[in-house]
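See below for the structure under consideration.
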Amino acid sequence: MTNTQNKLQAVLFDVDGTLADTEQDGHRLAFNAAFKQFNLNWNWDIDLYSELLQVTGGKERIRYYIERYVPATLNKSDLTDWIISLHKTKTKYFESLMETGSIPLRPGVARLIHELRQEKIKLAIATTTTMENVTALLKSTLGEESIGWFDVIGAGDIVPMKKPAPDIYQWVLDQLKLTAQQCIAIEDSENGLKSALAANLPTLITVSGYTRLQDFNGAVAVLSDLGEPFQPFTQIKSMTTLDKEWVDYRFLSGLLR
Ligand code: XBP
Ligand code: MG
């Protein structure tokens with residue numbers, strides 16, 4: 001039985017890979033466009049980007065790439081500022097890409113968000129990407145007013161340590177003034193899962209393009225996506241018996257029992 005203390009109060013969404021499959025045809029393309037603008041002959045192809053995604057955060061990912069693949073760049077005297085400015089350009093490209101509406105929300109995301117709002121469940125975001133990118137994605141998919149539907153948005157550099165560190169989830173929980181046991185996190189990646197689990201959050205995984213083969217030990221369930229009544233999810237792994245084929249308020253509440 002769910003006691004009142006453990007009744008579902010809030011759902012904390014990751015963004016990239018969870019709300020929308022933004023990495024391969026969103027962030028990756030924006031990075032490459034910024035490299036071009038900076039006259040760099042760097043090209044992050046689909047396979048290379050899979051390796052680079054192990055590092056969360058765009059600026060951190062660029063630095064990792066430099067250290068591993070183009071170490072001569074380390075001699076730049078103003079390297080940190082240069083990375084910041086390269087990354088700002090990348091963010092601009094990502095925002096323009098979102099404006100074209102080319103990246104839709106994943107199955108079930110809009111339906112679940114609308115239902116949780118009706119049920120008066122708090123909504124929050126805990127992501128490594130920048131606030132500009134979160135805003136651009138929400139605007140292009142759910143409309144500008146949807147930004148206000150989220151009680152808390154934790155994004156980018158608001159905490160010094162990015163996922164898999166628990167900091168971003170802990171920051172969001174502090175802002176919500178809720179305990180981890182009153183919430184559920186929805187994630188798509190191993191780094192995201194580690195971050196949420198380290199903040200003690202029960203975590204549901206919906207695998208995405210780049211993450212389907214990752215290790216999701218510790219998740220309450222691993223699904224193909226959130227599903228829709230007319231397009232059920234595929235169950236990849238679950239700690240409990242799932243009695244529905246799409247994720248809704250009742251399904252999430254059941255996960256807290
Ligand atoms: C997303 C990230 C981000 C994006 C790029 O991880 O790691 O770095 O790839 O966005 P998560 P920025 O889904 O776990 O939040 O360039 O704005 O960092
Ligand atoms: Mg993600």
Counting only DSSP beta bridges fully inside the chain, the antiparallel percentage to nearest 5 is 20 percent
HN-Hα J couplings of region 49-64 from phi, Karplus 6.51/-1.76/1.60, θ = phi - 60°, integer Hz, Gly and Pro as x? 4, 4, 5, 5, 5, 5, 9, 7, x, x, 5, 5, 5, 4, 4, 4
Can you give me the relative contact order of the chain as a percent, contacts being Cα pairs under 8 Å and 6 or more apart? 23 percent
Please give the direction-averaged projected area of the C-alpha convex hull for region 37-196, in square nanometres with one decimal. 10.5 nm²
Once all Cα-Cα distances of region 95-150 are split into 10 Å bins that start at 0, what whole-number percent is in each one? 21, 57, 20, 1
Among the listed pairs Lys120/Lys194; Lys120/Lys177; Lys7/Lys120; Lys36/Lys88; Lys36/Lys92; Lys92/Lys139, which have their C-alpha atoms separated by more than 18 angstrom in this model? Lys120/Lys194
Round to the nearest 10 and give me the degree value, 0 to 90, for the angle of helix 28-37's Cα axis relative to the longest principal axis of the chain. 20 degrees
Calculated FRET efficiency, Leu242 and Ala72, Cβ-Cβ r, R0 51 Å, to nearest 0.05? 0.45
Gaussian network model of the chain, springs between alpha carbon atoms under 10 Å - residue of Lys88, Lys177, Lys139 with greatest fluctuation: Lys177
Net charge near Lys163: determine it from the other residues with C-beta under 11 Å of the C-beta of Lys163, scoring Lys and Arg +1 and Asp and Glu -1. -4
For region 142-221, what does the equivalent ellipsoid look like in terms of its semi-axes, each the square root of 5 times an eigenvalue of the Cα gyration tensor, given largest first in whole Å? 20, 16, 13
Here region 199-257 gives, from Cα atoms, an Rg and Dmax in Å of 11.2, 34
I'd like the distance separating the alpha-carbon centroids of region 164-210 and region 1-79, in whole Å. 18 Å
Dividing the alpha-carbon radius of gyration of region 1-78 by 2.2 N^0.38 Å (N being the number of residues), what value is obtained? 1.58
So, in nm, how far is label Arg117 from label Asp81 when the simple model puts each one 7 Å beyond its Cα toward the Cβ? 4.3 nm
Here the gain from full extension of Phe38 to Asn200, 0.36 nm per residue of separation minus their alpha-carbon distance, amounts to 54.2 nm
Just report the Cα centroid separation between region 87-112 and region 118-149, whole Å. 11 Å
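Just so you know, all these numbers are worked out from the coordinates, no wet-lab data involved. These numbers come from a predicted model, not from an experiment. So basically every Cβ, Gly included, is an ideal-geometry build from the backbone, and we count neighbours across all protein chains shown.
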